[in-house]
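Read-outs: derived from the displayed coordinates by stated rules, not from any lab. Just so it is clear, the model here is predicted, and its values are computed rather than measured. When we count neighbours, we look across all protein chains shown, and the Cβ atoms used for this are built from the backbone with ideal geometry, even at glycine.
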Amino acid sequence: MPGKNILAISGSTRKHSSNLNLIKAIEKLYSNELSIKVYDGLLTLPQFNPDDDTENPSIQVTDLRKQIKEANGILICTPEYAMGVPGSLKNLLDWTVSSSDFSNKPVVAITASSLGQKAHASLVATLQVIEARITESTQLLISFVKTKMNDRQQITDENTLKDVRRVMDAFIAMLNN
C-alpha cells in the first residue's frame, strides 16, 4: 500500500463531473505511489458563519478538519463557475481559516474547466492566504477539459497527460521533502 495519504477535493458537486473523473484518472496513474481518498462531504458542509466557528463546530466541519489533518497532502481539482471558484469549494476553504489546517500542507491545485483562468487565480490566492504549501510547479490549468478526457476516467490528450504527470511528480517531490 502506498505510503502517502492524499485527500482529494473536487470543486464540483456533480456526481460524474470532469473534475471527479480527473481525480480518478490521477488515482489510477499514481496507485503505486499514493493512497487517494476523495472527500465526499462537500454537499453537507454548513454554510460558513464565523459565529459557528467555535471550539465545537458541527460534525461535518470536525470531520473535514480531521481528514485534512490526517492527509499528507491535498489534491484539489475544480471547475470554474461564473468566472470564479465554485461556492461550495470556497465554503470548504473558509471553514479552514481559523483552524490553520492548510498551514504548510502540501497542495496541488488543478483547475479543469472550459476556460478556468479566473477561478484558478482565485483558488491559488485563497490557498496562499491560508498558508497552503503550493508552488508554481504544483499548479495546473486545464482549459477545455471535456475535450481532453473520456468518461472512463482516462486522460486522452497527450499534452494534458504530460502536464498532469509533471504537476503530480512535483507534488510527490514536495511530499517527500
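Once you mark the GluC sites (Glu not before Pro) that are in a DSSP loop and have at most 16 other Cβ atoms within 10 Å, what is the longest gap between them in the chain? Kindly include the intermediate steps, with their values, before the conclusion.
Values: sites that count: Glu33, Glu55, Glu131.
That gives 56-130 as the longest site-free run.
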With the calculation restricted to Cα positions, what are the radius of gyration and Dmax of segment 112-162 in angstrom?
12.8, 35
Take the Cα coordinates of segment 1-55, assign each an equal point scatterer, and use the Debye formula without solvent to give log10 I(q)/I(0) at q = 0.23, 0.31 Å⁻¹.
-0.88, -1.21
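Going through segment 1-58, which trypsin sites (Lys or Arg not before Pro) have at most 12 other Cβ atoms within 10 Å and a DSSP loop state?
Numbers: sites: Lys4, Arg14, Lys15, Lys24, Lys28, Lys37; in loops: Arg14, Lys15.
Within segment 1-58, the qualifying trypsin sites (Lys or Arg not before Pro) (loop, at most 12 other Cβ atoms within 10 Å) are Arg14, Lys15.
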Residue separation times 0.36 nm, minus the C-alpha to C-alpha distance between Arg65 and Asn159: what's the value?
30.3 nm
Using the count of nearby Cβ atoms within 10 Å as a rough guide to exposure, how do His120, His16 rank from fewest to most?
His16, His120
Quick one: putting +1 on the C-beta of Lys and Arg, -1 on the C-beta of Asp and Glu, what dipole do you get for segment 1-68 around its Cα centre, in Debye to the nearest 20?
480
Note to self, the chain gives a 222 nm [θ] from helices alone (DSSP H runs n ≥ 4, -39500 (n - 2.57) apiece, / all residues, nearest 500) of -11000 deg cm²/dmol
Student exercise, the chain dipole from Lys, Arg, Asp, Glu Cβ charges, in Debye to nearest 20:
580
In whole Å, how far is the Cα centre of segment 18-34 from that of segment 59-110?
18
First obtain the Kirkwood hydrodynamic radius of segment 84-177 from its Cα pairs, then insert it into the Stokes-Einstein equation at 4 °C and 1.567 mPa s, and state the resulting D in µm² per second as a whole number.
92
For segment 17-120, the dipole about the Cα centre with charges only on Cβ (Lys and Arg +1, Asp and Glu -1), to the nearest 20 debye, works out at 400
